[in-house]
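Asker: The structure is given below, and queries will be raised subsequently.
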Amino acid sequence: MKTRILIVDDEVDALGLMDELFKRNGYETFIAHNGLEALAQIREIEPDIMISDMIMPEMDGMELLEIVRKKYPSIAVIMNTAHGTIETAVEAMKKGAKDYILKPIRLDEILSKVANFAHMSSLMRENDYLREQLNDKYNFDNIIGRTPKMLELFELIKAIAPINSTILIRGENGTGKELIAKAIHFSSKRVKKQLVDLNCGVLAENLLESELFGHVKGAFTGAIKDKIGKFELADGGTIFLDEIGEISPNIQVKLLRVLQEREFERLGGTDKIKVDVRIIAATNKDLEKAIKEQAFRQDLFYRLNVIPIEVPPLRDRADDIPILVAHFVKKYSQAFEKKIVQIDDDMIDVLQAHDWPGNIRELENVIERAIVLSKSDRLSVEDLPQNIVYSNMIAVPELQAEEDSSLTNQVDIFEKTLITRALKECNNNRVRAAKKLGIHRSTFMSKLKKHQIGGDNKS
Ligand SMILES: Nc1ncnc2c1ncn2[C@@H]1O[C@H](COP(=O)(O)OP(=O)(O)OP(=O)(O)O)[C@@H](O)[C@H]1O
Ligand SMILES: [Mg+2]
């Protein structure tokens, strides 16, 4: 989608000049001769950027700026003003203009300023657009993603939300399991009833049991009155059992019974309680391994794993990083009332190369921190924590003084390092390593030979 620019100026020459300039540089442009005309257009065309002259008949630039800031805060406004009125420009910035340019207009200056905003606002716009679409379709408020894996996931959520089957959501830390559980509940028919969640990993066994199923007065010391458990609370709705891999064998048995018969007793009680609850469980544990080690019951696993949802780690969908960054920048710049107008491409590159063991939560934290610490309205690599920046750096082998320092030799050493590293990262799988390096397998093989790199003969 092209970035849309609305140019407002009462001087026809200036208008024509800018119109021409932006059109030639791939923007979609609209023009207005004064503030009133501009306002009439804005609602129709939803521009990303507005460039406005200061002194105009009907409604001047400052008044227009104030209205636009209030009614259309997502539009980046750049004011342009005649020489000598720097104070007015400062005043405009205070009123929320993102930037200003001084007349006479310098084409390179105005182009580069606009390019800064264009990049940012195209990301924002894409985000909003995607979210609107998703909201219309599935009511997924805050799940950002546009890579094929995520779109597949959205389709799956949409398909399974209305039915009542038990769901097991699996994925690494911070991949968005809880977010997805919520999306499922809120787009299901159970939306009017509660979504009750319980983190099974944090409670001691007896407490967890009473949280899940409730207890009757006197069931244990301290049980001074009857208590309703989460299953009862969720009746008609959904229960989200987080960190299901952590529950003890005893509770596994009880849960299995609820899954099979939809009934249970409160702790210490004898009445059978029947509930209509949809169960969504989540874990970051390797349950198959836990089953092998007899730490997790296989029959319970099958009952939970009716519909498995695998949430991909962030490193497998690096293409989502720019829109996630834009999403979090918007969230935190609003929260901290900071103005961020530009995200450097270099920063996005570094973020995309990182492997994100903490996934989206880690990315969110990095952006929050960057915004808190940033001293300007531009986010750059300098605003990132060192570990993220350094984790991308390739260790260049030290050259010994007596070594051949010719370019060919150094390039050879570098190539060898890259190949060795790629092999290591791919568990010596040569096909994958070649792919990772973006070279053909036969080229890769000849390079192995050249550098006398051995390793297992997996391929
Ligand atoms: N696709 C996404 N779009 C926007 N924000 C996301 C997305 N996925 C996760 N988040 C955000 O990342 C953070 C972690 O997400 P969430 O708590 O759902 O992950 P989780 O898989 O349950 O993590 P854990 O395994 O640590 O419990 C939350 O703040 C969430 O809002
Ligand atoms: Mg979670």
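The values are calculated or read from the model by the stated rules, or taken from the named source; none is laboratory data. Worth saying up front: this structure is predicted, and the values here are computed from it rather than measured. As a convention, Cβ positions derive from the backbone with ideal geometry for all residues, glycine included, and neighbour counts pool all protein chains shown.
Asker: Being exposed (fewer than 15 other Cβ atoms within 10 Å of the Cβ) and in contact with a strand residue (DSSP E or B) (Cβ under 6 Å, 6 or more places away or on another chain) is the filter here; which residues of segment 306-343 pass it?
Answerer: Within segment 306-343, Pro308, Glu310 qualify.
Asker: A follow-up question, please. Out of segment 312-336, which residues are within 16 Å of ligand 2 (Cβ to nearest atom) and in contact with an Asp or Glu (Cβ under 8 Å, 6 or more places away or on another chain)?
Answerer: The answer is Pro313, Leu314.
Asker: Taking the stated definitions as given, is Leu156 in contact with a helix residue (DSSP H, G or I) (Cβ under 7 Å, 6 or more places away or on another chain) and assigned by TED's automatic domain parsing to the domain that holds Gly245?
Answerer: Answer is no for this residue.
Asker: In segment 331-365, what residues are small (Gly, Ala, Ser) and either in contact with a Cys (Cβ under 9 Å, 6 or more places away or on another chain) or free of Cβ contacts under 8 Å to residues at least 40 places away in the same chain (or both)?
Answerer: Ser333, Ala335, Ala353
Asker: Mind checking which residues of segment 172-209 are within 21 Å of Leu300 (Cβ to Cβ), crowded, with 21+ Cβ neighbours inside 10 Å and of a type in the set (Gly, Ala, Ser)?
Answerer: Correct list: Ala181 only.
Asker: I've got another one for you. Return the total of residues in segment 237-250 being away from ligand 2 (no atom under 16 Å from the Cβ) and touching an Asp or Glu at 6+ places or on another chain (Cβ under 6 Å).
Answerer: Qualifying residue count, segment 237-250: 1.
Asker: I'd like to check something: does segment 141-161 contain any residue that is farther than 14 Å from Ile309 by Cα and charged (D, E, K, R)?
Answerer: Scanning segment 141-161 turns up at least one residue that is farther than 14 Å from Ile309 by Cα and charged (D, E, K, R).
Asker: Taking Asp141 as the residue in question, decide whether it is closer than 28 Å to Asp377 by Cβ, modelled with pLDDT under 80 and not in a helix (DSSP H, G or I).
Answerer: For Asp141, the condition - closer than 28 Å to Asp377 by Cβ, modelled with pLDDT under 80 and not in a helix (DSSP H, G or I) - is met.
Asker: Further question on the same structure: Please note which strands (runs of 3 or more DSSP E) are completely contained in segment 160-273 and include at least 1 residues that are free of Cβ contacts under 8 Å to residues at least 12 places away in the same chain.
Answerer: none
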